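Please read the structure below before turning to the comments.
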Number of protein chains: 2
Amino acid sequence: MPKERGGAKRLPETAITRLSIYRRALERLAAGHTYVSSARLSAITGFTAAQIRRDLAHFGQFGVPGTGYEVRALQMQLSRILGAGRSWRVALVGVGSLGSALLAYRAFQEQGFRVVAAFDNDLVKVGKRWEGIEIEHASRISGLCRELGVEIGVVTVPARAAQEAVSSLVAGGVKAILNFAPHRVEVPEGVRLRSVDLSVEMEALAFHLLHDPPVPRR
Amino acid sequence: MPKERGGAKRLPETAITRLSIYRRALERLAAGHTYVSSARLSAITGFTAAQIRRDLAHFGQFGVPGTGYEVRALQMQLSRILGAGRSWRVALVGVGSLGSALLAYRAFQEQGFRVVAAFDNDLVKVGKRWEGIEIEHASRISGLCRELGVEIGVVTVPARAAQEAVSSLVAGGVKAILNFAPHRVEVPEGVRLRSVDLSVEMEALAFHLLHDPPVPRR
DNA sequence: TAGATTGTTAATCGATTAACAATC
DNA sequence: TAGATTGTTAATCGATTAACAATC
């Protein structure tokens, strides 16, 4: 199997989140600047200028040597690449405290992530409305996701329910899932999974508190 | 400056979150198993057996060739290394929907992350009680964090307020911060920062939906 | 032209994987 | 002992950084 597709080298997996951060930086720059250099973007985002140029070069020659990148043009390119501006249909599985918070999260809606369905196992919650969405029973996940054309699933259920929630989404044709449940889940090839594990994040911080040497004052 | 400290090679930054996941797996294994091999841990966690052995070997020789790792003993070692079982004092800055969800998040409390203070800029919220904690005004962050001996800060404020929130925590002696604000923040040397950016996560998923080739059915 | 900055190549770095001698 | 599995070394892989010729 070839490691490269087409002529250009593959975009490193880690670069994708950087693109999103560049895009956000450009949004703010667009107000006051026509051009921006990789050096300036570096100062704003904290990534090195070399890395920024390299990331951007993956998608063609956007920059002008001696001048930099045209802010508007680059912003539009990145938006196109990331699918910003589009509207994405999102399903939420698990309407506990975290799930409710995400349902209410303005930034999501504003960025085009439109929650079109919400599911829960708890019969007390099913049928209730939440942020304008009626909560459906978890047994309806795959059917409704297919019917509504859900593209992205967000899973905020307890650990023990995570795999079943994910499997139902996959059965419903969902090809991208963001998992907040503190448990490993498996997805078939062709489905993208990203996981955010808050307990692990906290424990990683605790590790550093215990093991990093204190920095002497200067 | 030397690249290594002591004799052993440095633990890769990326290994720290794996340790936390191993620990969690062991917790569940402890019920029914005395020993566990790296191969079995691999099947459970999804990391390769070689990687697991390598990660664990950083902290000494826990395993028994031919037999595997003693579950209880390894569990205790990892707990000690990660500071699990300890109680950590946490401050929450920003009691919006996401912040409230985290305040209510049982798993946090159960894992020893004890929210001892909550702050907000909104005078309407200040003085109210939430999950047994009185919400204080953001101007009191550094003073109260120092007084209460807060060790970890969790920041769930809007982007524009992120840097100030973080700076106040740092001023209050907080050495580890988990930032959910969709904005870059800077911390001085000696302070650990981890960031979770939900918009970036979603946009990364959108990127894959747009660019990954569909997987042909077999 | 002189100065600035890109896009890209080569060098470096860090982390993962494979392989296997040592060990129970 | 035979079989299994560790801990570690060497090879591989992937991503980042430095450097600079090409370009505006």
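In table form, for the structure just shown:
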quantity: Qualifying residue in segment B:19-37 (condition: part of a helix (DSSP H, G or I), closer than 30 Å to B:V157 by Cβ and either within 15 Å of DNA strand D (Cβ to nearest atom) or touching a Cys at 6+ places or on another chain (Cβ under 8 Å) (or both)); calculated: yes
quantity: Residues within segment A:40-61 that are surrounded by 14 or more Cβ atoms within 10 Å (Cβ to Cβ) and within 12 Å of DNA strand D (Cβ to nearest atom), tallied; calculated: 11
quantity: Meets criteria (at negative phi, crowded, with 22+ Cβ neighbours inside 10 Å and within 11 Å of another protein chain (Cβ to nearest Cβ)) for B:F113; calculated: yes
quantity: Residues within segment A:171-197 that are facing chain B (nearest Cβ under 8 Å) and touching a residue at least 24 places away in the same chain (Cβ under 8 Å), tallied; calculated: 4
quantity: Matching residues, segment A:26-85, being among the hydroxyl-bearing types (S, T, Y) and either in contact (Cβ under 8 Å) with a residue 12 or more places away in the chain or under 27 Å from A:R114 (Cα atoms) (or both); calculated: A:T34, A:Y35, A:S37, A:S38, A:T45, A:T67, A:Y69, A:S79
quantity: Boolean, A:Y35 is more than 14 Å from chain B (Cβ to nearest Cβ), of a type in the set (S, T, Y) and either surrounded by 15 or more Cβ atoms within 10 Å (Cβ to Cβ) or more than 9 Å from DNA strand C (Cβ to nearest atom) (or both); calculated: yes
quantity: Residue among A:V90, A:V95, A:V116 that alone is hydrophobic (A, V, I, L, M, F, W, C), away from DNA strand D (no atom under 16 Å from the Cβ) and in a loop (DSSP other than H, G, I, E, B); calculated: A:V95
quantity: Check on B:A84, within 14 Å of another protein chain (Cβ to nearest Cβ), under 27 Å from B:P182 (Cα atoms) and of a type in the set (A, V, I, L, M); calculated: no
quantity: Residues of segment B:44-77 that turn out to be farther than 23 Å from B:A31 by Cα, near DNA strand C (Cβ under 8 Å from one of its atoms) and either more than 14 Å from chain A (Cβ to nearest Cβ) or not in a helix (DSSP H, G or I) (or both), as a count; calculated: 4
quantity: A:L210, sole failed condition from (1) at the interface with another protein chain (Cβ under 9 Å from one of its Cβ atoms); (2) assigned to a loop (DSSP other than H, G, I, E, B); calculated: (2)
quantity: Failed criterion for A:G173 (all others in (1) of a type in the set (G, A, S); (2) under 19 Å from the mean Cα position of the chain (by Cα); (3) modelled with pLDDT under 95 hold); calculated: (3)
quantity: Residue among B:G143, B:G132 that is more than 11 Å from chain A (Cβ to nearest Cβ), among the small types (G, A, S) and over 27 Å from A:G94 (Cα atoms); calculated: B:G143
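The values are calculated or read from the model by the stated rules, or taken from the named source; none is laboratory data. Quantities reported herein were computed from a predicted structural model and do not represent experimental measurements. Cβ coordinates were reconstructed from backbone atoms using ideal geometry, including for glycine residues, and neighbour counts include every protein chain displayed.
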